[in-house]
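The values are calculated or read from the model by the stated rules, or taken from the named source; none is laboratory data. The structure presented is a predicted model; accordingly, all values stated were derived computationally and were not measured. Note: ideal-geometry Cβ built from the backbone for every residue, glycine included; neighbour counts use all protein chains shown.
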Amino acid sequence: MVFRVCRLAALFCAVVALAGCGDGVRSAAPTAPTPTVVPSLQPVPPSLTGTYPPITGPARVFVYRDSPYPRVAAYTLTSRFVLYDDGRFALQYEQPVGEYRGTYTASDGVVTFNWEGWSVAGPWGAEATLSGDVLNVRYNLIMQLTDFEDADYVRNQ
């Protein structure tokens, strides 16, 4: 009985190994899908002055204050959220200059962001709490794996 189980296990392993062998068209090792951004994201061209993209209407502006992480990237340190009065938002970066856009809803101090961007791994998502002049932004796993970093922003406008 044990010999029979071992033979079946060996046969199973051989079938799995042969199934992994292709006609040479596929790569030898699987790779994780690379996150992509939909073409609707239009980063503002880099600027030599290192200024943010322009604000295009009445808005509240929140600049980076700190993060729950011990270290964050330079682009996070120069980031800001612009919450337009009409329900649009922009996550803007000063270095390198650019922005990600979408719409937001706010209710009872909770801000939900609906991004124009996405990843092949799944939809982007972020939520924030607004407490006084502080916006605490937390990204979903898909965005975190695409190098977005949770951070707290303070209103400066």
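Within segment 114-157, the set of residues being assigned to a strand (DSSP E or B), touching a residue at least 60 places away in the same chain (Cβ under 8 Å) and among the small types (Gly, Ala, Ser) comprises 119, 151. Annotation for segment 55-68: no member residue is outside any strand (DSSP E or B), modelled with pLDDT under 95, touching a helix residue (DSSP H, G or I) at 6+ places or on another chain (Cβ under 8 Å) and surrounded by fewer than 16 Cβ atoms within 10 Å (Cβ to Cβ).
Within segment 46-89, the set of residues being of a type in the set (A, V, I, L, M) and under 20 Å from residue 132 (Cα atoms) comprises 59, 61, 63, 82, 83. Can you name every residue in segment 106-138 that is of a type in the set (S, T, N, Q), over 22 Å from residue 68 (Cα atoms) and out of contact with any Phe, Trp or Tyr (no Cβ under 9 Å at 6 or more places or on another chain)? Correct list: 107, 119. Which residues, counting only those in segment 82-98, are assigned to a strand (DSSP E or B) and either modelled with pLDDT of 95 or more or of a type outside the set (D, E, K, R) (or both)? Passing the criteria: 82, 83, 84, 88, 89, 90, 91, 92, 93, 97, 98. Summed over segment 139-157, the residues that are surrounded by fewer than 17 Cβ atoms within 10 Å (Cβ to Cβ) and under 16 Å from residue 70 (Cα atoms) give a count of 2. For segment 75-127, the candidate set comprises residues that are more than 14 Å from the chain's Cα centre (by Cα) and of a type in the set (A, V, I, L, M); within that set, the residue that is nearest to residue 150 (Cα to Cα) is 77. The residues of segment 92-113 that are of a type outside the set (Gly, Ala, Ser) and in contact (Cβ under 8 Å) with a residue 24 or more places away in the chain, listed by number, are 92, 93, 94, 95, 96, 97, 99, 100, 101, 111, 113.
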